[in-house]
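**Student:** Handing you this structure, nothing more for now.
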Amino acid sequence: MTDVVLLAHGDGGALSHKLIKEIFVAQLGNPMLNELSDAALFSVRQGKLAVSTDSFVVDPIFFPGGDIGKLAVCGTVNDLAVSGAVPRYLTASFIIEEGLPLKDLKMITASMAETARAAGVQVVAGDTKVVERGHGDKVFINTAGIGFLSDAGSSLSYSRIKPGDKVIINGSIGDHGMTILSQREGFSVSSGLKSDCAPLNGIIEELLEGVDGIKFMRDPTRGGVATTLNEIASSSGWDVMLFEEKIPLRKEVTGASAMLGLDPLYLANEGKFLAIVDKIHAEPAVDILRRHPLGREAAIIGEISEGKSNVYLKTPIGGTKRLNTLAGAPLPRIC
Amino acid sequence: MIIQPNTDKLALAKKLLECVRQKARRVSGRLGRPIRFMEVCGTHTAAISRLGLRDALQEVMILASGPGCPVCVTDYQDIDTAVAVCRTVDNVVVATFGDMIKVPGSYSSLEKEKAGRGNVKIFYAPYLAVEYARNNPDKEVVFLAVGFETTMPTVALALDMAERDKVNNFSILPLGKLVPPAIKALLQDPELNVDGLILPGHVSAVIGRKSQDFIASYFHMPAVVTGFEAADILIGINSLLKQLETGAARVENRYRRVVAEEGNPEARQITDKYFAPVSAKWRGLGSIPDSGLVLRERYGYFDAGTRFSLEGQEPIIPRGCLCGDLLKGKALPADCRLFGKTCTPLNPVGPCMVSSEGACAAWFNYGMTS
């Protein structure tokens with residue numbers, strides 16, 4: 001076998017088969033995938049199915065705390081989990097740029113397999129395409145996922161959100177966004193910082209089983225906590241008030257954000273979710289989250305109030321400012 | 001580690017806030033009108049907004065945003081030139097600070113060029129663009145040298161590096177600007193409606209406190225140099241209130257841990273080695289004498305404009321932008337006929353809309369129309 005991906009690896013011929021067998025099936029294999037038929041078949045029990053899809057184009061493809069493979073599994077698993085579903089099956093499509101070292105592809109696939117195992121999901125179908133050098137960027141991955149809606153999960157809806165409800169997050173914000181930014185630009189300011197990339201279905205299942213009053217959940221990925229809460233505010237019709245002092249933040253993220261003129265509230269997260277919880281169940285919910293490794297720093301960071309679909313931040317000194325949806329990508333300020 | 005708020009600092013800031021509120025109520029009562037202070041620089045604008053101070057003080061005073069940052073005031077024509085570099089120079093990489101790419105010229109922006117075929121690369125420091133040029137000898141790297149007195153020494157150091165290491169494929173578009181001439185231009189307007197100035201902390205670290213004495217001695221305007229933490233800003237405002245109460249006008253320094261009387265002569269020296277003052281256009285404010293920086297003749301070869309003989313093109317500027325009047329407190333966003341129509345946060349015309357902290361952007365985002 002050559003040591004880089006060639007165009008021929010994507011032409012459906014002998015090299016394609018070798019690639020599928022020696023990398024994808026070898027690492028991600030399960031009875032359904034091993035069939036290598038045109039479609040995976042599985043039985044469905046009664047109830048509702050949830051389907052989600054996401055594409056991953058992160059640069060760099062390896063970063064502290066994860067890689068594009070782990071991200072591709074977590075992203076789709078988390079979208080299903082915050083919708084109240086128990087994720088079960090994934091598909092994975094790779095668009096590979098000619099010349100990608102095979103050892104990189106192996107590492108990415110191994111990482112996908114490990115994350116899938118941790119999340120309790122199986123990759124049951126896949127596809128590989130190879131594009132000419134310069135027509136892609138190393139590797140892009142699309143995953144789609146199917147999950148079964150749990151009883152507790154089926155009642156989640158933004159229409160249940162009411163003034164007085166609390167906003168809970170399972171830990172510190174902006175870790176993923178700042179990690180990627182600092183890796184991309186080669187900063188030395190944020191040593192020790194790593195992406196929070198993690199599958200959230202385990203902690204979410206424990207939360208839904210452990211306490212009533214969970215009304216709605218979302219994962220604040222691109223656009224960060226501020227953008228996701230703006231979406232919640234606009235769907236529900238209520239205001240959201242955040243308390244700056246309560247928001248968990250790592251000192252590396254705070255420091256690098258201040259230097260670059262970025263706001264952690266707008267930085268991406270890949271292992272965090274926001275839950276809107278009935279007031280009386282908020283404290284017990286935080287207690288449950290804190291017992292899980294992915295929720296040690298869980299906190300109530302805000303509340304829903306009467307209003308007109310706006311998001312506000314109460315600053316420690318007592319001022320209030322509005323948090324708008326991000327217009328375009330976050331760009332560092334020079335002054 | 002999760003950050004715990006510094007409770008001592010916070011308690012101090014809260015105490016100061018109460019103190020400032022009381023004093024402001026008294027002074028404004030005596031004046032019989034609302035107090036209006038202006039923070040000159042964009043970093044103060046951002047800090048005041050981030051800390052929630054504008055809101056916490058709004059009952060007792062108006063904190064108006066000044067000319068802002070060097071990015072927001074970059075003129076149409078300068079962006080047009082950068083776009084022209086992007087389109088016409090062979091193998092070019094336009095190197096820029098991140099927040100420049102959104103600023104619109106009269107027919108495009110670097111963001112749009114980047115999305116097309118333009119090769120635009122974001123750098124965090126000018127010397128990184130020199131390093132990139134050295135590692136990519138087949139490329140022509142043109143750095144957009146925007147900045148006030150604080151940033152320009154870093155551009156000068158990058159030029160020093162390019163000069164020393166003979167990096168011949170590195171040049172700049174000199175777009176540096178100087179703050180005191182802009183302050184002078186604002187203060188010269190007899191209709192200016194401002195009771196005191198919060199002077200830029202970083203710029204002052206370079207130019208020093210003393211060089212800004214003209215604000216008080218010539219224009220009799222209370223002013224204060226201060227830092228960017230809540231307590232810094234409140235102490236600065238307190239100093240302005242004291243001056244206003246007693247009818248005094250001084251340029252006080254409440255940022256002594258960073259700003260010296262004479263500033264930083266070394267930083268000025270290196271800038272001065274490469275650049276000379278020249279009349280420059282500020283977006284929304286127009287042409288201001290001696291407020292820009294041009295390369296000195298003996299370093300003219302670093303000027304991308306001459307190196308690639310770029311043709312100047314007359315910019316098409318939407319007429320009617322009131323940013324100049326707005327900055328002076330003579331108009332409100334709603335008075336501007338471009339506001340919310342031709343001029344929006346995604347397609348900004350003047351600096352007050354370009355900067356997300358600018359008055360127009362804030363008005364637009366809050367859905368205010370009158």
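The values are calculated or read from the model by the stated rules, or taken from the named source; none is laboratory data. As the structure is a prediction and not an experimental result, all values here were calculated from the model. For neighbour counting, all protein chains shown are included, and Cβ atoms are generated from backbone atoms with ideal geometry for every residue, glycine included. The area values use the complete protein model at the heavy-atom level, side chains included, leaving out ligands, DNA and RNA. Shrake-Rupley method; radii C 1.70, N 1.55, O 1.52, S 1.80 Å.
**Student:** Looking at this structure, is B:TYR76 surrounded by fewer than 24 Cβ atoms within 10 Å (Cβ to Cβ), more than 8 Å from chain A (Cβ to nearest Cβ), within 17 Å of the chain's Cα centre (by Cα) and under 20 Å from B:GLY286 (Cα atoms)?
**Tutor:** Yes; evaluated as a whole, the condition is true for this residue.
**Student:** Residues being in a helix (DSSP H, G or I), surrounded by fewer than 16 Cβ atoms within 10 Å (Cβ to Cβ) and among the charged types (D, E, K, R): count how many of those fall in the stretch B:22-60.
**Tutor:** Final tally of qualifying residues: 3.
**Student:** Turning to a different aspect of this structure: Looking at B:SER279, B:SER239, B:SER287, can you tell me which residue is modelled with pLDDT under 95 and of a type in the set (S, T, N, Q)?
**Tutor:** That would be B:SER287, the only listed residue that is modelled with pLDDT under 95 and of a type in the set (S, T, N, Q).
**Student:** So, one more: Tell me, yes or no, whether the stretch A:228-235 has at least one residue that is modelled with pLDDT of 95 or more and not in a helix (DSSP H, G or I).
**Tutor:** no
**Student:** Another question, if that's okay. Of all residues in the stretch B:342-370 being within 11 Å of chain A (Cβ to nearest Cβ) and part of a strand (DSSP E or B), which is modelled with the highest pLDDT?
**Tutor:** Across the stretch B:342-370, the extreme among qualifying residues is B:THR344.
**Student:** From the list B:ASN91, B:ASN119, B:ASN135, exactly one residue is open to solvent by 10 Å² or more (accessible area, probe 1.4 Å) and on the phi > 0 side of the Ramachandran plot. Which is it?
**Tutor:** Sole residue among the options that is open to solvent by 10 Å² or more (accessible area, probe 1.4 Å) and on the phi > 0 side of the Ramachandran plot: B:ASN91.
**Student:** Okay, moving on. Test A:THR128 against the stated conditions and say whether it is open to solvent by 10 Å² or more (accessible area, probe 1.4 Å) and touching a Phe, Trp or Tyr at 6+ places or on another chain (Cβ under 7 Å).
**Tutor:** yes
**Student:** Quick check on A:GLY302: is it assigned by TED's automatic domain parsing to the domain that holds A:THR228, crowded, with 22+ Cβ neighbours inside 10 Å and out of contact with any Cys (no Cβ under 8 Å at 6 or more places or on another chain)?
**Tutor:** So A:GLY302 passes the test.
**Student:** Say we look at the stretch B:325-335 and pick out the residues that are closer than 18 Å to B:VAL73 by Cα and open to solvent by 10 Å² or more (accessible area, probe 1.4 Å); which of these is modelled with the highest pLDDT?
**Tutor:** Going through the qualifying residues, I end up with B:ASP325.
**Student:** Another question, then. In this structure, does B:VAL103 turn out to be within 11 Å of chain A (Cβ to nearest Cβ), out of contact with any His (no Cβ under 7 Å at 6 or more places or on another chain) and either in a strand (DSSP E or B) or not acidic (Asp, Glu) (or both)?
**Tutor:** yes
**Student:** Considering only residues that are among the basic types (Lys, Arg) and either surrounded by fewer than 23 Cβ atoms within 10 Å (Cβ to Cβ) or not assigned by TED's automatic domain parsing to the domain that holds A:GLU185 (or both), which ones fall in the stretch A:230-263?
**Tutor:** A:LYS246, A:LYS251
**Student:** So, in the stretch A:1-18, exactly how many residues are open to solvent by 70 Å² or more (accessible area, probe 1.4 Å) and among the aliphatic types (A, V, I, L, M)?
**Tutor:** Residues flagged as open to solvent by 70 Å² or more (accessible area, probe 1.4 Å) and among the aliphatic types (A, V, I, L, M) within the stretch A:1-18 amount to 3.
**Student:** Another question, then. Looking for something open to solvent by less than 10 Å² (accessible area, probe 1.4 Å) and among the aliphatic types (A, V, I, L, M) - is there at least one such residue anywhere in the stretch B:286-296?
**Tutor:** Yes, the stretch B:286-296 contains a residue that is open to solvent by less than 10 Å² (accessible area, probe 1.4 Å) and among the aliphatic types (A, V, I, L, M).
**Student:** Let me ask another. Looking at B:GLY201, B:GLY208, which one is within 13 Å of chain A (Cβ to nearest Cβ) and touching a Gly at 6+ places or on another chain (Cβ under 7 Å)?
**Tutor:** The unique qualifying residue is B:GLY201.
**Student:** Specify which of the listed residues (A:ILE161, A:ILE146) is more than 30 Å from A:ILE95 (Cβ to Cβ) and either within 14 Å of another protein chain (Cβ to nearest Cβ) or surrounded by 17 or more Cβ atoms within 10 Å (Cβ to Cβ) (or both).
**Tutor:** That would be A:ILE161, the only listed residue that is more than 30 Å from A:ILE95 (Cβ to Cβ) and either within 14 Å of another protein chain (Cβ to nearest Cβ) or surrounded by 17 or more Cβ atoms within 10 Å (Cβ to Cβ) (or both).
**Student:** Restricting attention to the stretch A:226-249, and to residues there that are in contact with a Leu (Cβ under 9 Å, 6 or more places away or on another chain) and polar (S, T, N, Q), which single residue is farthest from the other protein chains (Cβ to nearest Cβ)?
**Tutor:** So the residue we want is A:THR228.
**Student:** Are any residues in the stretch B:227-268 of a type outside the set (S, T, N, Q) and touching a Cys at 6+ places or on another chain (Cβ under 9 Å), and if so, which ones?
**Tutor:** Scanning the stretch B:227-268 gives a single hit, B:LEU234.
**Student:** Is it the case, given these coordinates, that B:GLY263 is within 17 Å of the chain's Cα centre (by Cα) and part of a loop (DSSP other than H, G, I, E, B)?
**Tutor:** Against the criterion (within 17 Å of the chain's Cα centre (by Cα) and part of a loop (DSSP other than H, G, I, E, B)), B:GLY263 does not qualify.
**Student:** Separate question: Kindly check whether there is at least one residue in the stretch B:101-114 that is farther than 27 Å from B:LEU346 by Cα and open to solvent by 70 Å² or more (accessible area, probe 1.4 Å).
**Tutor:** No: the stretch B:101-114 contains no residue that is farther than 27 Å from B:LEU346 by Cα and open to solvent by 70 Å² or more (accessible area, probe 1.4 Å).
**Student:** Considering the stretch A:72-124 alone, what residues qualify as being small (Gly, Ala, Ser), in a strand (DSSP E or B) and buried (at least 22 other Cβ atoms within 10 Å of the Cβ)?
**Tutor:** A:ALA85, A:ALA92
**Student:** OK, next. Just wondering, is there one or more residues in the stretch A:80-88 that are over 26 Å from A:LEU200 (Cβ atoms) and not small (Gly, Ala, Ser)?
**Tutor:** No.
**Student:** Okay, next question. Determine if the stretch A:250-263 includes at least one residue that is part of a loop (DSSP other than H, G, I, E, B) and either more than 14 Å from every other protein chain (Cβ to nearest Cβ) or out of contact with any Pro (no Cβ under 8 Å at 6 or more places or on another chain) (or both).
**Tutor:** For the stretch A:250-263, residues part of a loop (DSSP other than H, G, I, E, B) and either more than 14 Å from every other protein chain (Cβ to nearest Cβ) or out of contact with any Pro (no Cβ under 8 Å at 6 or more places or on another chain) (or both): absent.
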